[in-house]
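The values are calculated or read from the model by the stated rules, or taken from the named source; none is laboratory data. Please read these numbers as outputs of a predicted model, since none were measured by experiment. A quick note on method: Cβ atoms are made from the backbone with ideal geometry, for glycine too, and the neighbour counts reach across all protein chains shown. With ligands, DNA and RNA removed, areas are computed over all heavy atoms of the protein, side chains included. Shrake-Rupley method; radii C 1.70, N 1.55, O 1.52, S 1.80 Å.
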Amino acid sequence: GRRFRIDQSESSVVSGRTGHRSEFVDSVLPLGRVAVDEAVVSAISGRVGAKVAMIQSAADTARFAFPEESVTSVVSGKSYLADEVERSQLSSLPAHPSEMAVCSVTGIRVLPAELVVSEVSGVAFRNDQVRSSQLSGRRGHFGEFVASVIPAGWLAIDEAERSEMSGDWGAKVHAVRSEKPPHRQGLRHELGVCDLTGAKLLRDELGLSSVSHRRVDVAFLVPSEASAKLALADELVVCEQTGRRLLPEETETCAITGKRVDCRELVASVLSGKKGISHQMVRCPESAKVVLPAETVKCEVTGRRLAVSEVGRCVITGRAVGLASMSACPLSGERYVDDETSKAETRRVMAVPDLLSSCEWTGRRQLTIKLVRCRLSNLLVDKSMVNERSELRVFRELLDGVDGLGGFAADARQLAWLRMASPDLGSAHSAEWVRSPAGHVLVGCVRVKQGLFGLGTPHHAAVVADSREGLRLRQAPLFGLRENGVWRVVQANRAS
């Protein structure tokens, strides 16, 4: 209302009122000069604006701010300065602190509309942590629920019981207690029946017998001292060697003692597969084979006990001797011991000291005791080549006149030699020879004339010749007669 110079007057951009310029200030909103009584200072930024364009705080009417410096509460719809509100820790929506609520479970500040009241505990909690009961449908905070296995799903903590065996939760209706002290709690499907007593017990209080496969109270089960497998006490076998209590399948009968023994104490024979207690088995000193004592023989040369598979019978003396100490016949493969005992036996039986000799008919080298002296030829030949009278079979058949022996007739030169070789063969008329496989020995049947002018019954002389270094007789001829296809000796040399 004061009077002032007109050249110092100004007008308000809000009301149009005029006044001295000292009575006006610069306004940001609206932009221009406004009267001092029309302007307020922003409590947020300190800038000046017209009061009519500013937002007044609902909490403190003395405070103003520009529109962009104010926030509207989503709870009450009132306007507050930006520094007077807080935001929900759940949705980040704004409201005045007096309008906010607190989650009783987590302690965070949220909008009242973001809280739910638990039907389990009655507390209010944030609505993003709601869970419902599978059993009753009641809602509550998820911390008030447990995961149930029977029924499957979530249950309120006051609707469930926990198994002391597995730690699983289930509805209270499915909770049971073991009949064995301390009567632990479990769920119905965790219960089993003892096959021995009929008591209902939790599964971890039951065990399976490895022998009978019965499920019984673990207090009745005893571990095997070999495998720790469980069985009832009366199902275990006591090892008669060590006294250990074992499963029947962990024992076997010792083939030496007949005792029921821990399998680990037994060793199998490499010959029969039968098992015996290890320290009672015999280890062959030559091959290191492990065998039963009954599967050994004492070597009559070395005195050591050997596996029967490593012992042979000396074909000369009949002694039981280790194969490693024996030689084999080059013809038959039969085994013999080349020692003085065998030589003495050969000398006693054959009057020959050599263990090996050559068959004079075949030329093959073999055991001397397998040879025999032919009674007709005096040749030392294989026993298989003579008949029951110890006669070289081919020689006897030649003398008997048997055909098909592979022989050949003597030529004139050989007949002349025969007549000169022995005075008794001076009247030799014909001869037939059989040559030995050895090649140098020949046996012959020589027809010799008898009587005056050779008119008597002819004799057939048995002749043995050796063709090495020219023909020579090995012995004096044997004279005989052939009657009805059988030759018989009449005298060792020709009768007058």
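What are the extents of the Cα atoms of the range 92-248 along their three principal axes, in Å, largest first?
90, 28, 23
For a Förster distance of 41 Å, can you work out the FRET efficiency between the beta-carbons of Arg162 and Leu93, rounded to the nearest 0.05?
Once the sixth-power term is evaluated, E becomes 0.55.
Percent of accessible area on the chain owned by carbon and sulfur, 1.4 Å probe?
50
Between Arg203 and Arg488, what length in nm is gained on full extension when 0.36 nm per residue of separation is reduced by their alpha carbon distance?
In short, 92.4 nm is gained.
Per 0.36 nm of contour for each residue apart, how much would the distance between Leu196 and Arg264 grow if the chain were fully extended, relative to their Cα-Cα spacing? Kindly include the intermediate steps, with their values, before the conclusion.
On the way: separation 68, 0.36 × 68 = 24.48 nm, distance 3.15 nm.
Residue separation times 0.36 nm, minus the Cα-Cα distance, leaves 21.3 nm.
Against the empirical 2.2 N^0.38 Å scaling, what ratio does the C-alpha Rg of the chain come to? Before the final figure, lay out each step's value.
Values: Rg = 65.0 Å, N = 496, 2.2 N^0.38 = 23.3 Å.
That ratio works out to 2.79.
Which one, Gly16, Ser76, Ile55, is farthest towards the positive end of the dipole of the range 1-80 when Lys and Arg carry +1 and Asp and Glu -1 on their Cβ?
Looking along the dipole axis, the top candidate is Gly16.
Using 30 Å as the Cα-Cα cut-off, could you pick out the over-long pairs in Lys274/Lys370; Lys343/Lys383; Lys51/Lys78; Lys172/Lys229; Lys172/Lys200?
In this structure, Lys274/Lys370; Lys172/Lys229 lie more than 30 Å apart at Cα.
Given the Cα-Cα distance of Leu331 and Ser104 and 0.36 nm per residue of separation, how much length would full extension add, in nm?
In short, 70.7 nm is gained.
Normalised by the number of residues in the chain, what is the relative contact order in percent for Cα pairs under 8 Å and 6+ residues apart?
4
Enumerate the amide H contacts of Gln475 below 5 Å, restricted to partners 5 or more residues apart or on another chain; note that Pro and chain-start residues carry no placed amide H.
Residues meeting the criterion, in which the H sits 1.01 Å from N, are Val464.
Of Met420, Met385, Met326, which has the most accessible area and how do the rest follow, probe 1.4 Å?
If we order Met420, Met385, Met326 from most to least accessible, we get Met420, Met385, Met326.
Can you compute the charge dipole magnitude of the chain about its Cα centre, using +1 on each Lys and Arg Cβ and -1 on each Asp and Glu Cβ, nothing else charged? Give it in debye, rounded to the nearest 20.
Its charge dipole is roughly 3040 debye.
Before I look further, what does the range 1-122 give for accessible area per residue, probe 1.4 Å, in whole square angstrom? Intermediate results must be reported in sequence, preceding the final value.
Working: 6920 Å² over 122 residues.
That works out to 57 Å² per residue.
Need the C-alpha centroid separation for the range 138-213 versus the range 272-323, integer Å.
If we compute the Cα centre of each part, the gap is 65 Å.
Distance in nm between label sites at Arg283 and Asp338, each 7 Å beyond Cα in the beta-carbon direction?
3.2
Going by accessible area, probe 1.4 Å, with all protein chains left in place, what is the ranking of Ile55, Ile6, largest first?
Ile6, Ile55
Could you state the accessible area per residue of the range 421-480 in Å², with a 1.4 Å probe and every protein chain left in place?
I get 45 Å² per residue for the range 421-480.
I need the calculated FRET efficiency for the pair Ser427 and Arg304, taking r as the beta carbon distance and R₀ as 56 Å, to the nearest 0.05.
About 0.25, to the nearest 0.05.
Determine how large the accessible area of Ser133 is when every protein chain is in place; take a 1.4 Å probe and give Å² rounded to the nearest 10.
Near enough 10 Å² of accessible area.
May I ask you to derive the FRET efficiency for Arg375 and Ala294 from their Cβ-Cβ distance with R0 = 51 Å, giving the value to the nearest 0.05? The partial results should precede the final answer.
Details: r = 47 Å, r/R0 = 0.92.
Taking R0 as 51 Å, the efficiency between Arg375 and Ala294 is 0.65.
Can you sort Arg313, Arg184, Arg389 by 1.4 Å-probe accessible area, starting with the largest? Working shown, then result.
Details: Arg313 150, Arg184 50, Arg389 100 Å².
Greatest to least solvent exposure: Arg313, Arg389, Arg184.
What ranking, highest mean first, results for peptides 261-268, 460-467, 19-26 when packing means the other Cβ atoms within 10 Å averaged over each residue?
On the way: 261-268: 18.6, 460-467: 21.4, 19-26: 15.0.
Ranked by mean Cβ neighbours within 10 Å, highest first: 460-467, 261-268, 19-26.
Under a Cβ-Cβ cut-off of 13 Å, what is the net charge of the residues other than Glu249 that fall near it, where Lys and Arg count +1 and Asp and Glu count -1?
-1
Could you please report the charge total around Glu69, scoring K, R as +1 and D, E as -1 over all other residues with beta-carbon less than 12 angstrom from its beta-carbon?
For residues surrounding Glu69, the net value is -1.
Counting heavy atoms of the protein chains only and a 1.4 Å probe, report the per residue accessible area for the range 346-398 as a whole number of Å².
That works out to 47 Å² for each residue.
Restricting to Cα pairs below 8 Å that are 6+ residues apart, what does the relative contact order work out to for the range 78-132? Please round to a whole percent.
25
When Lys and Arg each count +1 and Asp and Glu each count -1, what net charge do the other residues less than 9 Å away from Leu292, Cβ to Cβ, add up to?
On the way: positive: Lys274, Lys275; negative: Glu295.
The answer is +1.
Nothing charged except the Cβ atoms of Lys and Arg (+1) and of Asp and Glu (-1): what's the magnitude of the dipole of the range 131-187 about its Cα centre? Round to the nearest 20 debye.
Details: 8 positive and 7 negative charges, 9 e Å.
Computed charge dipole of the range 131-187: roughly 40 debye.
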